Structure formats: structure tokens, C-alpha cells
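A.B. asks: One structure, as C-alpha cells, below. Some questions next.
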Amino acid sequence: MTRIFSRSEKLVIASHNPGKVSEIRALLKPLRIDVVGADELGLIEPEETGKTFTENAELKARLAAEASGLPALSDDSGMAVSALGGAPGIYSARWAGPKKDFSAAIKRVNDALLMTGSSDRSCSFICVLSLAWPDGHIESFEGRVSGTAVFPPRGSHGFGYDPIFQPTGYDLTFGEMVPQDKHAMSHRAHAFSQLLEQCLIPA
């Protein structure tokens, strides 16, 4: 049975990515949940050893919940490019290297696409949100949004691969959208809507 999160509890955002923490805080703000980032608690960033977005999200949420003694919400997300066989996928952050240089990661995606010789630029953004409790219980939800990889990058909003992701049906990349517009239809928003319906329903 799905577990309901108590609004009286503090919630750890189990991420060390400032962009993700900011977006998750924005999604949670209307709910008036008391949140704290993993960095603020001095939690160690775990190695992502999972083979799927769900495995990595659950790993991070469980470790943060165990270390803090509080419920923890984690995110594992990335860009999957069709012509690259779904890459960079779960390795999206790692393509940016230890310095988290996403301009280099974007160039790597473009170079890899050019090497394929394919004109297919279809791609998806995928996000799994996992909510874990200190006793080991966990709930996970996946959101996806389809789009096209565009080059050169456009826009300065968002983070990561946002400047090259143009969602289907839109003329703007995520990097060109104002945050509230992206938050209304992103992969993270789709996952969050399921989390909201199942675990964060009003008391």
C-alpha cells in the first residue's frame, strides 16, 4: 500500500545538484513542506551504481534517509537520445565530467550524433523521483517528456542539457523557457504530479 508523507515531517532533498535542488524546492513550495538539502546536512554524495534511473534514485533516497533519520526525496534523471541508443541516459551527469561541465557534455552529444550519420534527433528527458523513509519503505515515480535535440544550444535558463532540448509541440528549448513554464510540463513535473497524487495528498 502506498505510504502518505506526513506534512509535519522535514524532508531531505537527496541531491547535490543545485539545479535539481532548486527545481524540487520550487515544486514543493506550495505544499509548505519543511525541506533541507543534502549539502546542508553534510551528507556524502553516493556513487550511482544502478543500471536504471529507478535503481539510482532509490539508492540515493535510501542512503539519505538512513543517514539523516528523515524521509528523503531523490531524483535521477537524464537525456536519452534515440540515435545514440538511449545515451547518455543514466550517465548524463557523468558525460559532463568531474567538473560538471555541461557545455562539454552537450558538445559530446553533438559529436556523437554527427558520427552516427543519422538525421534522427529525437530524444527524451526521463526523471524518476523516489521518496524513502528511514525504515526502508520507498515509493518511486517516473516522468518522461519527448522532444528533439537541437544545435547550437539555445537559452540560458535551467541547467544540464536544457539548452538543446526542444520539447515536442514547442518552439523553445527548456533553456529558453522561463522556469514556471518548464516546471509546468517537464519530465520532473510529470513524476512530481504522480508523487503528489499518491504520497503528498492533503491530510
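The values are calculated or read from the model by the stated rules, or taken from the named source; none is laboratory data. Just so it is clear, the structure is predicted and the values come from calculations on it, not from any experiment. When we count neighbours, we look across all protein chains shown, and the Cβ atoms used for this are built from the backbone with ideal geometry, even at glycine. Each accessible area value is taken on the protein alone, full model and side chains, heavy atoms only, with ligands, DNA and RNA left out. Shrake-Rupley method; radii C 1.70, N 1.55, O 1.52, S 1.80 Å.
A.B. asks: Restricting to segment 81-100, name every residue that is among the charged types (D, E, K, R) and either at pLDDT 95 or above or not in a loop (DSSP other than H, G, I, E, B) (or both).
C.D. replies: Of everything in segment 81-100, just one residue is among the charged types (D, E, K, R) and either at pLDDT 95 or above or not in a loop (DSSP other than H, G, I, E, B) (or both), namely R94.
A.B. asks: Another question, then. Name the residues in segment 149-203 that are assigned to a helix (DSSP H, G or I), without any contact (Cβ under 8 Å) to a residue 40 or more places away in the chain, farther than 21 Å from R7 by Cβ and open to solvent by 40 Å² or more (accessible area, probe 1.4 Å), would you?
C.D. replies: Q180, D181, A184
A.B. asks: Is there a residue in segment 138-148 that is of a type outside the set (S, T, Y), touching a Pro at 6+ places or on another chain (Cβ under 7 Å), assigned to a loop (DSSP other than H, G, I, E, B) and under 30 Å from F5 (Cα atoms)?
C.D. replies: Looking for residues that are of a type outside the set (S, T, Y), touching a Pro at 6+ places or on another chain (Cβ under 7 Å), assigned to a loop (DSSP other than H, G, I, E, B) and under 30 Å from F5 (Cα atoms), one finds none in segment 138-148, hence no.
A.B. asks: Then there's this: Of all residues in segment 43-67, which are more than 17 Å from the chain's Cα centre (by Cα) and either open to solvent by 60 Å² or more (accessible area, probe 1.4 Å) or within 21 Å of F192 (Cβ to Cβ) (or both)?
C.D. replies: I44, L63, A65, E66, A67
A.B. asks: So V128 fits all but one of (1) among the β-branched types (V, I, T); (2) surrounded by fewer than 16 Cβ atoms within 10 Å (Cβ to Cβ); (3) under 24 Å from S74 (Cβ atoms); what number is the exception?
C.D. replies: If we test V128 against (1) among the β-branched types (V, I, T); (2) surrounded by fewer than 16 Cβ atoms within 10 Å (Cβ to Cβ); (3) under 24 Å from S74 (Cβ atoms), just (2) comes out false.
A.B. asks: Just give me the residues in segment 87-100 being closer than 22 Å to R121 by Cα, of a type outside the set (A, V, I, L, M) and either without any contact (Cβ under 8 Å) to a residue 40 or more places away in the chain or open to solvent by 30 Å² or more (accessible area, probe 1.4 Å) (or both), in sequence order.
C.D. replies: P88, G89, Y91, R94, W95
A.B. asks: May I pose another question? Return the pairs, sorted by first residue and then second, in which the second residue is of a type outside the set (V, I, T) and assigned to a loop (DSSP other than H, G, I, E, B), the first residue lies in segment 44-57 and is more than 17 Å from S140 (Cα to Cα), the beta carbons are less than 8 Å apart, and the residues are 6+ apart or on different chains.
C.D. replies: E45/H16; E45/A38
A.B. asks: I'm trying to understand the selection: among the residues of segment 92-128, which are touching a strand residue (DSSP E or B) at 6+ places or on another chain (Cβ under 8 Å) and among the aromatic types (F, W, Y)?
C.D. replies: Answer for segment 92-128, where residues must be touching a strand residue (DSSP E or B) at 6+ places or on another chain (Cβ under 8 Å) and among the aromatic types (F, W, Y): W95, F125.
A.B. asks: Report, by residue number, each residue of segment 70-86 that is touching a strand residue (DSSP E or B) at 6+ places or on another chain (Cβ under 6 Å) and open to solvent by 10 Å² or more (accessible area, probe 1.4 Å).
C.D. replies: L70, S77, A80, S82, G86
A.B. asks: Right, here's the next one. If you take the residues of segment 121-137 that are in contact with a Lys or Arg (Cβ under 6 Å, 6 or more places away or on another chain) and assigned to a strand (DSSP E or B), which of them is farthest from V81 (Cα to Cα)?
C.D. replies: A132
A.B. asks: What are the residues in segment 104-120 that are outside any loop (DSSP other than H, G, I, E, B), free of Cβ contacts under 8 Å to residues at least 40 places away in the same chain and open to solvent by less than 100 Å² (accessible area, probe 1.4 Å), if any?
C.D. replies: Selection gives A104, D111, A112, L113, T116.
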